Structure formats: structure tokens, C-alpha cells
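Structure first, commentary second.
The values are calculated or read from the model by the stated rules, or taken from the named source; none is laboratory data. Bear in mind that the values here come from a model prediction, so they are computed numbers and not experimental data. With ideal geometry, Cβ positions are generated from the backbone for all residues, glycine too; neighbour counts draw on all protein chains shown. In case anyone asks, the SASA skips ligands and DNA or RNA and just uses the protein heavy atoms, side chains included. Shrake-Rupley method; radii C 1.70, N 1.55, O 1.52, S 1.80 Å.
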Amino acid sequence: MTKSLQLQFETSSGKRLMVTVDDPKESLTNTEIDVGMEAIIASNVFHVEGIPLSIVKSARVVERNVTQII
């Protein structure tokens, strides 16, 4: 089973951006994730159509189970 952490952000104009982190650390807390997401916004590195991220929308861990058939 593989896990990924999906971080969703939004710009001031309502455009959304999803950042996915593969194999996140198991012991991450809500506070650590929130602080990290706020740091991503503050870094001003990511833009959607030229507009920087401004809002933390959500964070979730997604688990996927893949079974190879052939």
C-alpha cells in the first residue's frame, strides 16, 4: 500500500493547486502540516496563472492499494 499527502491551496482569485508528497512521515501532526503549508504560502514559490497561493484549503493522506495482475 502506498500513501501520499495531498496539500490543497487556493489563490486570492479562487484558483486551486494541489501539491502531493509521496510517502509522508507517519508521525506528522496537524500542526506540523499547517505550519508547513503556511511556510509554502510565505515562500511565494508557487503561482497559479501568475497569482501566488494565499489560502490553505485542506490536507489529506491518501492510501492506495495496487495489485499487479499481469
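Name the residues in region 28-46 that are outside any helix (DSSP H, G or I) and either among the hydrophobic types (A, V, I, L, M, F, W, C) or open to solvent by 90 Å² or more (accessible area, probe 1.4 Å) (or both), would you?
Correct list: L28, V45, F46.
What's the total number of residues in region 12-27 that are assigned to a strand (DSSP E or B) and out of contact with any Asp or Glu (no Cβ under 8 Å at 6 or more places or on another chain)?
Result for region 12-27: 5.
Can you tell me which condition Q68 does not meet? The list is (1) part of a loop (DSSP other than H, G, I, E, B); (2) surrounded by 11 or more Cβ atoms within 10 Å (Cβ to Cβ), and all the others hold.
Result: Q68 fails condition (2) only.
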